Amino acid sequence: MLTNGYLISAVLVLIVANLLTRALPFFLEGADPALTERLSRLGKVLPPAMMVLLLVYGLRDLGQVGGLEVGPALLALGLLWLVHHFFKRPLPAMILSTVVYVWLVNMGGTL
Amino acid sequence: MFTKIKKALVLTLPVMTGYLSVGMAFGLMSVQMGLPAWCPLIMSVLVYAGALQLVSLAWLASQMGLLSIFFLSLIVNARQVLYGLSLYGPFRRMGKLKPYMVFSLTDETYALLSSRPDLAEDKTTAFLLAALNQSYWIGGTLLGLGLGRFLSQTLLGVEFSLVALFASMMLTAFENKANRPLMAYALAVGLISLLLVGPDYFLLLAMGVLVLSVLWKEG
């Protein structure tokens with residue numbers, strides 16, 4: 001059971017951590033260029049790898065009870081890739097694949 | 001003033017559709033998870049980070065420890081450090097508005113600000129643009145909360161929007177060949193961690209390993 005105490009603390013942590021990443025560069029204004037150079041390398045190199053980990057996280061309970069359903073998820077991801085690849089439109093690709101997934105799992109049928 | 005509002009509105013129009021729809025998915029997901037409405041609302045007002053907010057819903061649902069949330073948030077947001085580093089000049093001119101500009105520096109606001117050097121000279125428009133973007137995000141969250149209340153039964157599978165968001169960001173990053181080796185490494189680290197420690201803790205382990213590897217390689 002989620003208590004209000006936990007939720008408030010967790011949201012506070014999110015607020016502080018997020019603010020830190022946005023404000024950090026401005027605290028470092030005028031600091032050692034070697035440090036900012038290193039930070040900007042990290043900011044460039046980490047995010048693409050992060051996206052992979054977050055995708056694995058999103059799919060972590062694929063096919064398990066209460067998790068994403070395998071058939072609809074694969075179909076929706078395939079669709080996302082197609083729209084991404086041929087039309088270069090990330091947002092419509094995201095919306096379309098989510099709608100298709102939600103539609104498929106709510107039809108109640110098994111795939 | 002009116003022309004400045006109009007200019008900011010026109011510039012932020014492409015962001016509007018994106019923030020309204022992803023914000024709506026966020027609001028709807030939070031209702032489906034049984035969170036009280038204040039929680040997603042405060043997040044959209046005071047956190048205001050799309051990817052982090054969406055993924056953190058799953059962390060909250062699994063009652064993840066606060067230290068883990070802190071560490072993971074820093075890594076999920078690592079890309080934001082880059083944005084500030086390239087905006088010293090323009091933000092120095094923002095005066096009293098600077099704290100809000102720093103706070104509201106999302107991917108999309110950064111993209112708009114950095115693609116329009118003329119905005120550095122026009123702080124009112126720059127501020128309006130940032131504030132409008134956040135208002136779309138909050139608006140989307142409210143729409144999602146409303147929709148969640150309106151739906152009499154649980155709409156299954158809205159959590160797929162998280163997968164769609166990350167898959168889309170990943171595909172975009174994958175187009176740059178230079179990113180591919182580390183992305184493949186991250187996939188291996190992620191899958192091995194998942195097998196080793198299971199779905200609840202693998203993200204922490206995998207991100208830790210990833211950050212250490214990058215730090216080690218970069219020297």
| request: Please average, across the residues of B:183-189, the number of beta carbons from any other chain that are within 10 Å of each residue's own beta carbon, and give a whole number. | output: 4
| request: Sort A:28-41, A:89-102 for me by packing, meaning the mean count of neighbouring Cβ atoms within 10 Å per residue, highest on top. | output: A:89-102, A:28-41
| query | In peptide B:67-75, how many Cβ atoms from other protein chains are near each Cβ within 10 Å, on average? | reply | 5
| For peptide B:202-209, how many partner chain Cβ atoms fall within 10 Å of a residue's Cβ, on average? | 3
| said: Can you order the peptides B:162-172, A:48-58, A:9-19 by their average number of other Cβ atoms within 10 Å per residue, highest first? | reply: A:48-58, B:162-172, A:9-19
| request: Take each of the peptides B:125-133, B:110-118, average the number of other beta-carbon atoms within 10 Å over its residues, and list them starting from the highest. | output: B:125-133, B:110-118
| note | For the stretch A:49-97, the Debye formula with one identical point scatterer on each Cα and no solvent gives log10 I(q)/I(0) at q = 0.23, 0.26 Å⁻¹ as -0.91, -1.01
| task | Just rank A:Leu82, B:Leu74, fewest to most, by other beta-carbon atoms within 10 angstrom. | result | A:Leu82, B:Leu74
| message | Placing +1 on the Cβ of each Lys and Arg and -1 on the Cβ of each Asp and Glu in the stretch A:1-104, which of A:Ala23, A:Leu62, A:Ala93 has its Cα farthest towards the positive end of the resulting dipole? | response | A:Ala93
| With charges only on Cβ, +1 for K and R and -1 for D and E, what is the dipole size of chain B about its Cα centre, in debye, rounded to 20? | 620
| message | Give me B:Lys123, B:Lys96 sorted ascending by neighbouring Cβ count inside 10 Å, so fewest comes first. | response | B:Lys96, B:Lys123
| said: Can you give me the long-range amide H partners of A:Asp61? Hydrogens built in the peptide plane at 1.01 Å from N, cutoff under 5 Å, separation of 5 or more residues or another chain. | reply: A:Leu68
| field | Residue-by-residue Karplus 3J(HN,Hα) for the stretch A:2-19, coefficients 6.51, -1.76, 1.60, Hz, glycine and proline x | value | 7, 8, 4, x, 5, 4, 4, 4, 5, 5, 4, 4, 4, 4, 5, 4, 5, 5
| query | For the stretch A:35-52, what does the Karplus curve 6.51 cos²θ - 1.76 cosθ + 1.60, with θ = phi - 60°, yield as ³J(HN,Hα) per residue in whole Hz, taken in order and with x for Gly and Pro? | reply | 5, 5, 4, 5, 4, 6, 4, 4, x, 8, 7, 5, x, x, 5, 4, 4, 4
| task | Could you pull out every residue, at least 5 positions away or on a different chain, whose amide H is within less than 5 Å of the one on B:Gly65? Hs are placed 1.01 Å off N in the peptide plane, and Pro or chain starts have none. | result | none
| field | Cβ-based charge dipole, the protein assembly as shown, positive-most Cα from B:Leu46, B:Leu11, B:Leu143 | value | B:Leu11
| task | Using θ = phi - 60° and the Karplus relation 6.51 cos²θ - 1.76 cosθ + 1.60, list the HN-Hα couplings for the stretch B:69-86 in order, rounded to whole Hz, with x at every Gly or Pro. | result | 4, 4, 4, 4, 4, 4, 6, 4, 8, 3, 4, 5, 4, 4, 4, x, 4, 9
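Values in this text are rule-based calculations from the coordinates and carry no lab data. As the structure is a computational prediction, the values presented were derived from the model and not from experiment. Because the Cβ atoms are built from the backbone with ideal geometry, glycine has one as well, and the counts that use them run over all protein chains shown.
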